[in-house]
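**Student:** Got a structure here, written out as structure tokens. Questions coming.
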Amino acid sequence: MNQPEVLDSDIRALQQWLRAAWQQLGDPSLTTFARRELRNQMKLCSADLRACLQRVAEQQPEPVRSPASPYSRPELRILSW
């Protein structure tokens, strides 16, 4: 697998884990300690997910804007009161 595929699979895995953790967090039989530990793990997973999404955003090329022609008419706005 190449780098984008690895990042994509990591993102999917983190999203699935977080989804399952939210469902588990709603379980009334969960102890206070287990609930706190699960929330701490969810925070760490969210930070990892944010970092992966940031890496994907950095890898995507920015759209190329065509330079304005020096001979084109400028956009004018007429403002009135």
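**Student:** How would Glu5, Glu58, Glu75 rank on accessible area, largest to smallest, probe 1.4 Å? All intermediate terms of the calculation are to be shown ahead of the outcome.
**Tutor:** Numbers: Glu5 95, Glu58 130, Glu75 175 Å².
Largest accessible area first, the residues go Glu75, Glu58, Glu5.
**Student:** If the viscosity is 1.567 mPa s and the temperature 4 °C, what translational diffusion coefficient in µm²/s does Stokes-Einstein give for the chain when Rh comes from Kirkwood over Cα pairs?
**Tutor:** On the way: Rh = 17.0 Å.
Value of D from the Cα-based Kirkwood radius: 76 µm²/s.
**Student:** A follow-up question, please. So what is the calculated 222 nm ellipticity per residue for the chain, using -39500 (n - 2.57) for each DSSP H run with n of 4 or more, over all residues, to the nearest 500 deg cm²/dmol?
**Tutor:** -22500 deg cm²/dmol, from helical runs alone.
**Student:** What's the FRET efficiency of Ala47 with Ile78 using the Cβ-Cβ distance as r and R₀ = 41 Å, to the nearest 0.05?
**Tutor:** 0.25
The values are calculated or read from the model by the stated rules, or taken from the named source; none is laboratory data. The model shown is predicted, which means the values in this text are computed figures rather than measured ones. So basically every Cβ, Gly included, is an ideal-geometry build from the backbone, and we count neighbours across all protein chains shown. Side chains included, ligands, DNA and RNA excluded: accessible areas come from the protein's heavy atoms. Shrake-Rupley method; radii C 1.70, N 1.55, O 1.52, S 1.80 Å.
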